[in-house]
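The values are calculated or read from the model by the stated rules, or taken from the named source; none is laboratory data. Just so we're clear, the structure is a prediction, and the values are computed from it rather than from any experiment. Virtual Cβ from ideal backbone geometry, glycine too; neighbours counted across all protein chains shown. Calculation scope for accessible area: heavy atoms of the full protein, side chains included, ligands and nucleic acids excluded. Shrake-Rupley method; radii C 1.70, N 1.55, O 1.52, S 1.80 Å.
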Amino acid sequence: MSGGLWRLPALALAWRNLRRNRLRSVLAALGIAIGVFVIVVLGIFGTVLQLSASQELGGIGNQVIVSPAEERQAEALTPRQIQSVERAAVGRGTAVPVYAENALASAGSQQSPAQIYGIDNPAALFEGRDRSLPAQHRGGAFVGPSVASALDLQIGSTVEVGGQQYRVVGFLEPSQDITPIQPNNAIVLAEREFTGGYDQAVVVADSPEDATAVADDIDRRLNVRTDRVDIFELSELLDTIAEFFTLLNRFLIALGSVSLLVAGVSILNLMLMSTAERRGEIGLMRAVGIHRESVLRLLLAEATLLGAIGGFFGAVLSGLAALALWAVTPIGLDVVVVPRNGGYLVGGFVFGIAVALISGAYPAWKAAGERPVEALRG
Amino acid sequence: MNNTDHTTATVEPAIRLESVTKQYVGAETVTALADVDLPVYGGEFLAIVGPSGSGKSTMLNLLGLLDGPTEGVVRLGGRDVTDLSETELTDARREYIGFVFQDFHLLPTLTAVENVTLPTAFTDGQYADRAVDLLGRVGLGDRLDHTPDELSGGQKQRVAIARALINRPEILLADEPTGNLDRETGVTILEEVRRICERGVAVVAVTHDELVTEYADRTVRLVDGRLGEGDDGFAT
Ligand SMILES: Nc1ncnc2c1ncn2[C@@H]1O[C@H](COP(=O)(O)OP(=O)(O)O)[C@@H](O)[C@H]1O
Ligand SMILES: [Mg+2]
């Protein structure tokens, strides 16, 4: 005989006991597996939803748009205000002063309403369609996709805005981002085509946090006693959206936890039944000198094993389900395979074990604590 | 050979009940043992007989440190163990006492060797070799890896005896050891127990079985929780 007959006695005995009534054990572990699966899948689902959404919202949180305060009826930002905005943006992003107005654009017999911008650095706010935009506007017009198709424009076509004719030098890429500076209906001209003060200043910040900081800074610099400028900044909206998704995620997980709770009850039931059936065996173990704590450990090992087996399969299945989500839907791997989802996998597994352990605790404690005389009497 | 001759001299009993009373308190209080004095010496085979309800099991439980007396003292090798904690009693049972039951009480999931080593499973020592040895001694050298459902009643009881000996006990307690066995099998079991006794172990068997008393050195009779006097109590 090998020397290591009882190297891990609690685990070895627990394993034998679980195999003894295999169907019953499998069903109990299945309950845990389903509970863990539901929790992990809902958790991952929530993450995917949230990450996909924030991808869609994209740059929304990074822009700060400063315009003259509405109640002051000023037409334009003053050079001093522009300077303040530029100072506030230093180290946190790029400040872009903007002329903006609505006008009718025409080409030949066709007309289309358009948002006309005067920007010397179009690359800061827009993407070019076929080639990238210059950081210095050299004249002509960059045209958004809607206007371009409405007026049937090509590179080199002429577009007329406010009685002036401009040569089309490039097109803007449509944007998925939610932002007030939309490329679709835009025609971007050079600044020199405009006169007077700037209508807006846009700060493209490096991050939502920077955007918040820049907005606060501008507010402090310019709106000292009265509001001289309106500051439009969406990072807070983004926070609100993130909060909503966190809440949604918690709700989903709480929903999943109910199924794990049910699994816990079934383990409680199984442990109560199996310890009642083995009353004499447990009494025998106690009589021949096995301590109450050892019996307790053995019984808890049984519950833990059920939880571990169930939790393992639940976690593996939900991992596969997540990969299936990536395989059969347009959802990208970059929002599925993220640390937080790994956290759900591990967390679900651990949670499954914990639920089984907690459910097994009372029956184990009860059975281990019974006096051997009583247990042996049957 | 009769150890009782030496009892009044210097030898300490392996275990002793001193003026032990055991009462079960319930709706009405039952006095299961009344003022019992009983020393059991090493190398002695003691049979306890008596009608049902006379207190035999109660007495065996007290001797096995599974239960404590309401009054009186239990001495294990001279040491008063009446007031030990449950943990200490558990250790004492594992170190000094072996149990054999009427219905064997083997764990169905374990092989013969595993069943025999079960009392030591949670201790550090290595007992597998001794278990194999003991099973060989009780004639089960070829059944080491059989589970209880693959063994006959007599074989199961022999596994149980091997289990009771794994810790080299000083006291072997048997509750109706032949109760579930036919006469022939009973004889082999009793011969086995007799051999154990000859090695210096104190053996106490509770029984209805005349056969057991034939192998015992001493037989005491319990009636209504009192040790019987007279010829009945000392059959040879
Ligand atoms: N746990 C208990 N609770 C209450 N009464 C008991 C208990 N165990 C035994 N008794 C009573 O004590 C008396 C002796 O019982 P027991 O020792 O089992 O006798 P025996 O083994 O000789 O049949 C009986 O009257 C029995 O009903
Ligand atoms: Mg009895």
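Here are the numbers for this structure:
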read-out	value
Complete set of residues in region B:97-122 that are facing chain A (nearest Cβ under 7 Å) and among the polar types (S, T, N, Q)	B:Thr109, B:Thr117
Breaking point among (1) out of contact with any helix residue (DSSP H, G or I) (no Cβ under 8 Å at 6 or more places or on another chain); (2) in a helix (DSSP H, G or I); (3) not assigned by TED's automatic domain parsing to the domain that holds A:Asp199, for A:Gly61	(1)
Candidates B:Val223, B:Val204 - the one that is modelled with pLDDT of 90 or more, touching a Pro at 6+ places or on another chain (Cβ under 9 Å) and either acidic (Asp, Glu) or within 16 Å of ligand 2 (Cβ to nearest atom) (or both)	B:Val223
Helices (runs of 4 or more DSSP H) completely within region B:52-133 that count 3 or more residues being out of contact with any strand residue (DSSP E or B) (no Cβ under 7 Å at 6 or more places or on another chain)	B:86-96, B:112-117
Hits in region B:108-135 - residues which are out of contact with any Gly (no Cβ under 9 Å at 6 or more places or on another chain) and either open to solvent by less than 10 Å² (accessible area, probe 1.4 Å) or touching a residue at least 60 places away in the same chain (Cβ under 8 Å) (or both)	B:Leu110, B:Ala112, B:Val113, B:Asn115, B:Val116, B:Thr117, B:Leu118, B:Ala121, B:Ala131, B:Leu134
First in region B:196-219 and in contact (Cβ under 8 Å) with a residue 24 or more places away in the chain, second anywhere and of a type in the set (Phe, Trp, Tyr), Cβ under 7 Å, 6 or more apart	B:Cys197/B:Phe45; B:Ala202/B:Tyr41; B:Val203/B:Phe45; B:Tyr215/B:Phe45; B:Ala216/B:Phe45; B:Asp217/B:Phe45; B:Arg218/B:Phe234; B:Thr219/B:Phe234
Residue tally, condition over 13 Å from the mean Cα position of the chain (by Cα) and more than 9 Å from ligand 1 (Cβ to nearest atom), over region B:44-63	1
Strands (runs of 3 or more DSSP E) wholly inside region B:142-236 that include at least 2 residues being farther than 30 Å from B:Thr120 by Cα	B:218-223
Residue within region B:25-34 that is open to solvent by 30 Å² or more (accessible area, probe 1.4 Å) and part of a strand (DSSP E or B) present	yes
Filtered residue count, region B:35-49, keeping only those that are open to solvent by 10 Å² or more (accessible area, probe 1.4 Å) and within 16 Å of ligand 2 (Cβ to nearest atom)	1
Subset of region A:8-31 (residues that are at the interface with chain B (Cβ under 8 Å from one of its Cβ atoms) and either touching a His at 6+ places or on another chain (Cβ under 8 Å) or open to solvent by 60 Å² or more (accessible area, probe 1.4 Å) (or both))	A:Arg16, A:Arg19, A:Arg20
Residue count for region A:332-378, restricted to those that are open to solvent by less than 50 Å² (accessible area, probe 1.4 Å) and among the hydrophobic types (A, V, I, L, M, F, W, C)	14
Selection from region A:249-272 of residues that are in contact (Cβ under 8 Å) with a residue 60 or more places away in the chain and open to solvent by 30 Å² or more (accessible area, probe 1.4 Å)	A:Ile253, A:Leu255, A:Ser257, A:Ser259, A:Leu261, A:Val262, A:Val265, A:Ser266, A:Leu268, A:Leu272
Residue in region B:171-181 that is more than 14 Å from ligand 1 (Cβ to nearest atom), over 25 Å from B:Val36 (Cβ atoms) and touching a residue at least 12 places away in the same chain (Cβ under 8 Å) present	yes
Some residue of region A:124-132 being surrounded by 19 or more Cβ atoms within 10 Å (Cβ to Cβ), within 26 Å of A:Ser235 (Cα to Cα) and touching a residue at least 60 places away in the same chain (Cβ under 8 Å)	yes
Region B:142-155 - residue that is touching a helix residue (DSSP H, G or I) at 6+ places or on another chain (Cβ under 6 Å) and within 13 Å of another protein chain (Cβ to nearest Cβ) and, of those, least open to solvent (accessible area, probe 1.4 Å)	B:Pro148
Residues of region A:278-311 that turn out to be over 49 Å from the mean Cα position of the chain (by Cα) and within 11 Å of another protein chain (Cβ to nearest Cβ), as a count	13
Close pairs (6 angstrom Cβ cut-off, 6 or more residues apart or separate chains): under 30 Å from B:Tyr96 (Cβ atoms) in region A:290-315, in a helix (DSSP H, G or I) and open to solvent by 40 Å² or more (accessible area, probe 1.4 Å) anywhere	A:Ala301/A:Leu11
Selection status of B:Val25, more than 16 Å from ligand 1 (Cβ to nearest atom), more than 18 Å from the chain's Cα centre (by Cα) and away from chain A (no Cβ under 14 Å)	no
